[in-house]
Each structure stands twice: as structure tokens, then as C-alpha cells.
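Heads up, the thing below is written out as C-alpha cells.
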Amino acid sequence: MKFAEFSVSRPVAVTMRIASLVLLGAICLMRLPVDLLPAVTLPTVVVNTNWPNVTPEAMETQVTRPIEQAVSSAANAKYITSSSTLGSSSVRIQFNWGVDIGRASVDVLQLVQRAKRNLPNDPNLQEPSVFRFDPSQLPIMVFAVTGIDDPIKLRTRLINDISPILESANGVASATVSGGQDRAIVVDVDPNKLQAYGLALSDVQKRISQENVDLPAGIATRGGSELTIRSNGYFTNPKEIEGVPLATTSNGVVTVGMVAKVRDASQEPRIFVRTNGAPSCGVQIVKQSDANTVATAEEVRQKIAQIAKQYPEIKFSPIYDQSNYIENSIDDLKTTAIIGGVLAILVLLFFLRSVRSTLVVALSIPISIVSTFALMYFGGFTLNTISLSGLALATGLIVDDAVVVLENIFRHIERDKKKAAVAAVTGTSEIMGAVVASTLTVMIVFFPLLLVKGQSGQMFTQFALVVIFAMAISLLDAVSVVPMLASRVIDEQEVEEEAHPELRAVHGKKPTLLNKMFDWFGYRFNALDSSYRRGLEWATRHRWWVIGGAAVASLSTVFLAPLIGSEMLPQSDTGVISMNVKLPIGTSLDVTNATMQQIEKSVLADSNVEVVYAASGSNLSIRGTSNTPVSYFGGGLIRLKADHKEKTDQVIKKLNKGLGAIPGVRAVLNPYDIVNQILTGGAQNMEIDLFGNSNSELMAKAKDVAEALRKVPGLDGVDINVQEASPELRWSVDRAKAAELGLSFSDVGNTLNIATGGALSTYYQEGGFQYPIYVQVPEDQRKTADSLKDLPVSGIRGGGQPVLLSQVATPFVGYGPSEVTRLSLRRYVAITGRVSGRPESDVQADIEKSMKAMELPAGMTWDMGVNQKNRADEFSGLGLTLFLAIALIYMLLASQFESFLHPLVVLASVPVASIGVALALFISGRAFGLTAFIGLLMLVGIAVKNGILLVDYTNQLRKRGVPRDEAVLTASPTRLRPILMTSSAAILGMLPLAMAVGKGSETQAPLATAVIGGLLTSTILTLFVVPVVYLVFDDLGRKFSKDKRDLAPTEIIEPSAAALPKGGPVGE
């Protein structure tokens, strides 16, 4: 009672304390960084190793396997996956959640250093690089850039001039350019002329490199000053390369210009990039890990405006902008919270039937929310879609405590005819224990979530703490601000008139329109109250019927569960679609380019599409082009119009129909889900892994599996993660013959590499930038084996003749894998797909059924993908979280009631709440996932609140000497109004979020749906089930207890005179 007395007697002190919290919160709000999600740290370390031009199989056996064996001993390593492609090895180690990823990275680095002794001793083999997989390194913005038709000049301008400007923006880590063509100095060597002069390709490469140098030569003294002596041999003009001497013959010096043509051009184009059909480049903006996404994006836009003035020919077209999605999502969530708060206040207005009283309660919303921003700021939180969703959901809950306290104050004024000041103290003191306990139950259910590891812990820790912060401040408001304001704002006569409208005429007042609306609602509520009393009396006489009916209804959710299905997280809609295109293996780049142009026209014809950013020769993505161009690959990004009418999934289905009519095209279109990208690195949400020893057998069976999975309803974009073996022109080297002629295998291989792929010799420097000088054979002289057979492998040897390729090697056409993938130290092939229109659990069940019916060759096995296993681990961990939450609630209530049985009475409201959760998810067509589980967890605390109000007041009445049955029949109707008020406010407060009308609400909509459904059933059934269970448990307690007496009576203490404000309450 002293707390309530202080609040009523010291209004200025209370006001200043609350005002300081609100002021601090408002200041912190302006300083809170804005981002899409809370900071996510994935427990993944990657080891990348490059060995130029080495085949995938050689990379696997000589590089990937030794590194895998080494890192497999790392502590807490859960999964090891690897990919070996042409000249590249990537080993990815996924650790158990909760490990110190910094320490894990150091351990992996040490293990890789030890493994280096088992790697080939080749100077071309690069040092393995170890780094953590950081979701913050995903681009926050992607632009298509046009304006210069020449792809070399466009890319050069971007790299040399534009990219540095963008990287100077605050918060930008890098501005990476993709597409276009790099400027290069190309030396096209004629093999016939080489042969005539007795030279080899390697001679040209080495001599150019040796001539393009700048070497220090010492120090000279002149006139008392020291001068550094340098021999400057850098090329000042590409034409100088033609004069580089290669050899001296009887006819004079042989120069580069005599055997080759030098071109200031580019390397042979392997990728073509276009935007809406026009040649373009792409720029990907990556922010610094601790930078504010929205602020960084705004800085970039300002730099682009600066670039437009400085380089008016350059045009930027936004393809993807994460900041727009964040801002739209946060604005929509703010609107949702405001609408929810307004709806909650309106429903309270009708229950309280007083504008002034409603304002007393309504103040708890801004006080709690704004003050929460201060705790978020000092907790290191960001203002993101998850934390803001917590505030939006809390909007309907933070009025609960204020409502319960104010309603009890009203009841003391109406029933006991007390003055407002006295009623404020006695009413608050009487209900304080129940209010504190009920609020703690909502807060305490989130504490186990703080201990959860994995995606749920990463995603929802801030959500849980934000709700806890808001509820704690709302509790402080309810027991301090509400009694203080009630003692000064409430008019006893007005309260009496609202309870008894006929008194207005006695007081000479005419009812207003608002009074008439309140009176109508009051009559209906009184009728409901009378009906409830009669129903409760029947329920107490038929206890086992009520308990049996509630048990059957609760168990019925078991039958609904398979119809609802489950998933990890709902898909977020960014209005961007990723496109991957594959043509038949071996398709030339020219044919792929022509086909991609046809695809682009087909996509642009759709009225929903605004921009098509596409590439031929690469599966262009948010990250840019792939490292290894593939002639028969294509892809890109499709940005829909801001006001597109159809959902992204519907647009994809329409586009797939159009692309399916193009011969030879296999296109996979997926919504670009940024949440999935951050949490999984962009992996598909459904995957089947085939394990075996033979790549050819795996690929053959993978085709059968893919065809079977394409028939599974709800599984779209089925694809195989590696490509079929591609045709290769191979040269079999006669090692003995080569050795006889003084050559090694490397000499032959290097010559072929220079001829067909072009070899970097050195760099040409100009204007502060350097450009590569490549030595190669012209394209028309290296297309076939016949054109290469007379290629000189070495210069003049014994006998006076150069050694030709045909003397030491024989050509043949073979097939080799384009990629070798491994999982858990075994070769595997993954068949992936995206779930659409059905719950993930249902699709997975159909997949497993299909796989079990399929015969696999001996030695081949299958398993669900890593993502599905992680998802199963997440759900098993969440079950423990729910158990811990209920256990903590029981402990709290046992302490509150000083009873082992009464907490079980209150917890009886939990099973009946599950009925509404299942029905709401089933009717809305939403699956049970991570967010729906968080809603169930929250619902446990909310549903228990109503039971606490009933049990606590029943115990109070019994302590006052009221017989047990009478106490139950009195307490329940007395608490009917506050229970209906708090439940209605919570339901209406969450309704806008459940409707998922704004961006960013897709993730939280199942949460709100689960809470609303559970509240509807738990509120209705709790009013009958809890009183009945109370009586049954009390009978059982009496039966097995030696003490048959009722609860001991206690004295009701009135507030002291010191607690009353000077001059009495307003209106006196």
C-alpha cells in the first residue's frame, strides 16, 4: 500500500520520474540505428584456395580433401561442405550454434596451416584464405549502370572514377563493379611465325615481363645532394611492346612485333550484361558491418547525385535497394502499431464509458513505448523489423495493467462509495499482487528464449527483450501514474452516473450522444454479465462435463496439426526475383546471348515488371557475376514495379509459362528473400542430398530424382546444384618423349594455357592505373586441335628445330565434371527446390515418400539437406523452451499463491488457448513456424494473466471469510470486465499485424494470428474452466490434506490520511 500512497501523495515526483524516462527515450529514439534485422552471426567459416586452370577433380583430390581432413577435427564442427571447380576449392565449416566464432576461425586457420604440408608444391597454388561468413557483407544496393556504349570504356570509367567516389561515402565498405569488359593490352601471337623464328609462346610471355620493370640502381651525389638512381623500363605506350627483343638471329633481332600483333582492347568477352536490353554494368554496394543501412544508402544516393553532375553521361538504375524495403517495412509497422493502439483505446472507451478515464489508461501506451527506446539504445539494439514488431505486438498488452488497476479503482468508487483518492490507494493496493504476478508471467515466458541458440535465438532475442522492457515500464505506469491520475481526474459523480444512468436526470443533466452510446453498451454488457453468472452456476454444478469438454476440445488440435503444417519462417516479399537460366551443355556464348535476349523480351512484356538486369555467360545475382563464366549459363534480377498488382509468386508462375515456351531453356525463378539470404546464405528451403562415389552415377540418378520432385505439389524451381560433365579437348602428353626432348609436363601444360586461355605477362601503367598485358593465340588459330598441333612448345633444341605440340601430345575429346561437391567428407549431389503455396512439412513428407519409393544403385544413399536438419534441431529446441516457460510460470505462481495446487488451476487456461491457435492458423492458411511458436509462447503468459485475476480475487474473498463456492461465484463475474477489456485491447491491438497488409509484416503475421486465436478461445473458456478446476483441485486438496479449514481471514487496511492529496480529489 505504501507504493500507492506515495504515488497519490507525491504527484509531482511521480510525474517528473516518468517524464524523465519519456524524455530519455525520445532522445535515444533519434540515435537508434536502423536496420532490417538484428545483427546475425552465423557459425560458419570458409576456406578458399585458388590454383589456376586445375581441373575440378584434381582440385578435389589434391587440395579439397587434405583441407577437409584437417578441419574435420575442429571442435564443435557440425557440417563440412566443399565445392571444387576449375582452379578453385571452397570448404565451408558450419559449427554448432553458440560457439565463439572468432575463436573457431583461429582454430580453422591453425588447422589449415598444418594441412599445407600435404598440398602440392606448385608456385601457382595460392595461399588458402580463411574467413567468417558474414551476412552483413551481402550488398545493400545493386545498380545497373548505362550511358557509355563501349563496354571497355564503361567498365574502366566505373572502376577508375565512379567506384572510388561511391566508396568514399560514409558507411560504405566496397562498391564492386560487375559486367562490361576490362581494358587489357592483348598480344596475339602467330604460332606459324613463332615456329619460323624457332621461338615458343613462353619466350614471348617471359621477355615482355622482363622488359617492363623499374629497378633501383643505387644513390649518386651531385652538388651536395643525394639522388636515387633508377632504371625506368616501364612501357609508356602499348606500341612499345612491339619493339621488345625476343632473340637474335643471323638476320638481326627478332621483336614481338615480328611474331605478334599488340592490341589495346580487352580480353575475349566471356560475359554480356544488359539492363532492359541495353548493354550495361552492375555496381554492388556493401556496407561496413557496423554501419546503419538506411543512413549508408542515403549517403550513396547523395554520391550518385554528385556523380550525375560530374559525369552526366553515366545513368544509374536501382535494381535492389535494401534500405527502401527497410524504410517501407518500418513505416508500415509503425502504422500498424498506431492503428492497433487506437483500436485498443476505442474498445477501452466503451468499457470505461469515460473519456478522462480512457485517457488515463491510454497514456500508458506512449509512456511505455517511448521509454522502451531508451532501454533499446543502451542495450545496443537497432530499430529493425523484429524489435519494432515486438513493440507493435506489445501495444495491445501494455494497457492491461493500467486497465486492471483503473477498473478496480472504479469498482471501489461504485461499490463502496469511496472518494477517488481513497479508492486509488485501496484499489491499487488490493490488485497490486495480482497485477505484478500477471505481468511477470508475460515477461518470464521470454526468458528461456534468451537461452536458445540457433536462428530463433539470433532473430528473437531483441524481440523478447523489447516486450520485456515495454511490459516492465507499463507495470511501473500502472501502479504509479494510474493511481496518481485517477485520484485527481476521476469524478465520483460521473462514475456513479455511468454505472447508473438514471442518476443523470436526478442531477439535472441531459445525456449526450456519447452518453447514449455508452449506456447502450453498458446495457449489453450487463446482459452479458447476467448470462455469464447463470452459465457459471451451471458449470460449477456440472464440473466434469466442463473439464471433459475442454479436454476433448484441446485434444482436437492434434487432428488439426497435420492440416496446418510447419515451416521455419514465412517468405518476405521484396519485389525482386532472381533468375537462373541453363541451356544445353556445350552451347556457345553467342547462342546463349541470343537466347537470353529472347528471355529478356519475354519477361519485360509482363506488366508487373519494371527492370530486367541480365547476363549471358553467368548466373548474375545480387552478389554480381560468378567467378567462373560458363558459356551456357544465363541469369539476372527482375525488379517488379512498386505498385505491382499481383503477388511475386503469381508473377513467377506467369513468367515460367512464357519461358517454358522457349526451346532448350531451363529457367529457375525465385523471389529474392532477404531474410533467407541473411540466415542461410541464400540456400533453397528444400534439398535432397545424394551420396556416392561416382560423379557420373550421381548425376544420372540426380536427373531421375529431379524429375520425380518436379511432380511434388508446391515444390517449384527444382534444380541440381552441379552440372553434367562437359566436353573437354584434352591432350595426352607422352612424358617419355617430352623428357627426351628436354621438356616437362608443366612446359606442355603452360603452353596450352597461354595459347587457349591467355596468360598474364605483366601490367601496363597509365594515369595512375594498371592494365594487364595478356599473351595469347588469336581465336581463329586455336578453335580446333588441328590449329594447335603445330604450336611450338619450346624454342630451338638439339637438331636445330623447335619442338611442336604434336610431337609430345595427342588430342582427344573427353568429359569431365564442372564441379565436385562433398558433404561430410563424401561426394554428393544436391537437388534443390523452393516451397510455394504449401507448408514446408507437407512438401517434405511428399518428398520423403517419393524418395523411399525410388531404387538407388548399390553404394548410393540419400538424406534430407542440411537446412532441413537445422530446422528440425530448431523446433526440438523450441519445445524445451516452452517447457521451461511453463515451469517458470508455475514457480512464480506457487510463490505468489503460497500453494502447489493453485498454479495448476491457472495453467489450465493454457491447453484451451491452443484450440484457438490451431483454428486461427488453419483458417488463415498460415503454417506453424518459428514466429507462430513465439506467439504461442507469448500466449502462455497472456492466457495465464486472466487465470491469475480470477484465482487471486477468489483467494482474497476467502481470506475475508466468504465461503468457497460463493467466493468463486463472486470473484469470476467481478473480474469479467477487466478480463474482457484486456483481452479485447490485446486482440484489436494485434489485429492490424495479423492482417499483414504492410511490407515486413509477413514474418510477424503468424505470431499475431496465433495470439489472437488463442486469446479468443482462452478468454471465453478460461472464464468457465478456471473456476471449475479451482473447485475440483480444492476438493482434492481438502481430501488429501489434514488441514480442512478454509483460508485464514485477513484484515482490510484503509489508507492513512497522509496518503490523501491536499484538498481531496477533484470534484469534491
For residue 697, which of the numbered conditions (1) out of contact with any helix residue (DSSP H, G or I) (no Cβ under 9 Å at 6 or more places or on another chain); (2) modelled with pLDDT of 90 or more fails to hold?
(2)
Failed criterion for residue 329 (all others in (1) crowded, with 23+ Cβ neighbours inside 10 Å; (2) out of contact with any Gly (no Cβ under 6 Å at 6 or more places or on another chain) hold):
(2)
Counting just the residues of segment 129-153 that are under 30 Å from residue 110 (Cβ atoms) and out of contact with any strand residue (DSSP E or B) (no Cβ under 8 Å at 6 or more places or on another chain), which one comes out surrounded by the fewest Cβ atoms within 10 Å (Cβ to Cβ)?
134
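Listed here are the residues, each with its yes/no results for (1) in contact with an Asp or Glu (Cβ under 9 Å, 6 or more places away or on another chain); (2) loosely packed, with under 14 Cβ neighbours inside 10 Å.
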site	(1), (2)
847	no, no
852	no, yes
858	no, yes
863	yes, no
866	yes, no
871	yes, no
878	no, no
898	no, yes
Taking the stated definitions as given, is residue 883 free of Cβ contacts under 8 Å to residues at least 12 places away in the same chain, in the same structural domain as residue 945 (by TED's automatic domain parsing) and aromatic (Phe, Trp, Tyr)?
yes
Answer with yes or no whether residue 111 is outside the structural domain of residue 368 (by TED's automatic domain parsing) and on the phi < 0 side of the Ramachandran plot.
yes
For segment 651-665, check the following and say yes or no: at least one residue is out of contact with any Ser or Thr (no Cβ under 9 Å at 6 or more places or on another chain), among the hydrophobic types (A, V, I, L, M, F, W, C), assigned to a helix (DSSP H, G or I) and touching a residue at least 60 places away in the same chain (Cβ under 8 Å).
yes
Do we find a residue being crowded, with 22+ Cβ neighbours inside 10 Å, outside any loop (DSSP other than H, G, I, E, B) and at pLDDT below 85 anywhere in segment 460-470?
yes
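Can you name every residue in segment 51-66 that is over 34 Å from the mean Cα position of the chain (by Cα) and within 15 Å of residue 749 (Cβ to Cβ)? Walk me through it before giving the result.
Step one: filter segment 51-66 for residues over 34 Å from the mean Cα position of the chain (by Cα), giving 52-55, 57-58, 61-62.
Across segment 51-66, the qualifying residues are 52, 53, 54, 55, 58, 62.
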Which one is surrounded by the fewest Cβ atoms within 10 Å (Cβ to Cβ), of the residues in segment 730-758 that are over 12 Å from residue 776 (Cβ atoms) and small (Gly, Ala, Ser)?
736
Among the residues in segment 497-508, are any modelled with pLDDT under 80, in contact with a Ser or Thr (Cβ under 6 Å, 6 or more places away or on another chain) and assigned to a loop (DSSP other than H, G, I, E, B)?
no
Can you give me the number of residues within segment 195-210 that are surrounded by fewer than 18 Cβ atoms within 10 Å (Cβ to Cβ) and under 10 Å from residue 254 (Cβ atoms)?
1
Can you tell me which residue in segment 211-233 is modelled with the highest pLDDT, limited to those that are loosely packed, with under 14 Cβ neighbours inside 10 Å and under 30 Å from residue 751 (Cβ atoms)?
213
For residue 652, work out the one condition from (1) at pLDDT below 85; (2) touching a Pro at 6+ places or on another chain (Cβ under 9 Å); (3) of a type in the set (Val, Ile, Thr) it doesn't fulfil.
(1)
Taking residue 364, is it modelled with pLDDT under 85 and either surrounded by fewer than 21 Cβ atoms within 10 Å (Cβ to Cβ) or in the same structural domain as residue 402 (by TED's automatic domain parsing) (or both)?
no
Can you name the residue in segment 101-160 that is part of a helix (DSSP H, G or I) and basic (Lys, Arg) and is also farthest from the chain's Cα centre (by Cα) among such residues?
117
From the residues in segment 690-729 that are of a type in the set (Gly, Ala, Ser) and assigned to a strand (DSSP E or B), which one is surrounded by the fewest Cβ atoms within 10 Å (Cβ to Cβ)?
726
Is it the case that some residue within segment 668-685 is in contact with a Phe, Trp or Tyr (Cβ under 6 Å, 6 or more places away or on another chain) and among the small types (Gly, Ala, Ser)?
no
Quick check on residue 390: is it farther than 21 Å from residue 25 by Cβ and assigned to a helix (DSSP H, G or I)?
no
Can you spot a residue in segment 532-551 that is modelled with pLDDT of 90 or more, acidic (Asp, Glu) and not assigned by TED's automatic domain parsing to the domain that holds residue 1008?
no
Has segment 367-385 got at least one residue that is in a helix (DSSP H, G or I), at pLDDT below 85 and not assigned by TED's automatic domain parsing to the domain that holds residue 996?
yes
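Whether any residue in segment 614-623 is surrounded by fewer than 18 Cβ atoms within 10 Å (Cβ to Cβ) and either part of a strand (DSSP E or B) or modelled with pLDDT under 85 (or both) is what I want to check.
yes
Output the number of residues of segment 169-178 satisfying the condition of being in contact with a helix residue (DSSP H, G or I) (Cβ under 7 Å, 6 or more places away or on another chain) and either not in a strand (DSSP E or B) or not small (Gly, Ala, Ser) (or both).
5
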Would you be able to say whether some residue in segment 343-359 is assigned to a strand (DSSP E or B), in contact (Cβ under 8 Å) with a residue 12 or more places away in the chain, not small (Gly, Ala, Ser) and not assigned by TED's automatic domain parsing to the domain that holds residue 642?
no
What residue, of 837, 816, is surrounded by fewer than 18 Cβ atoms within 10 Å (Cβ to Cβ) and either assigned by TED's automatic domain parsing to the domain that holds residue 155 or touching an Asp or Glu at 6+ places or on another chain (Cβ under 6 Å) (or both)?
816
Of the residues 1033, 1024, which single one is modelled with pLDDT of 85 or more, touching a His at 6+ places or on another chain (Cβ under 9 Å) and farther than 20 Å from residue 348 by Cα?
1033
Can you name every residue in segment 311-356 that is touching a Leu at 6+ places or on another chain (Cβ under 6 Å) and under 30 Å from residue 523 (Cα atoms)?
343, 344, 347
Members of segment 900-913 found to be surrounded by fewer than 16 Cβ atoms within 10 Å (Cβ to Cβ) and assigned to a helix (DSSP H, G or I), listed by number:
904
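The values are calculated or read from the model by the stated rules, or taken from the named source; none is laboratory data. Since the model is a prediction, treat every value here as computed from it, not as a measurement. Heads up, the Cβs are rebuilt from the backbone with ideal geometry, glycines too, and the neighbour counts pull from every protein chain shown.
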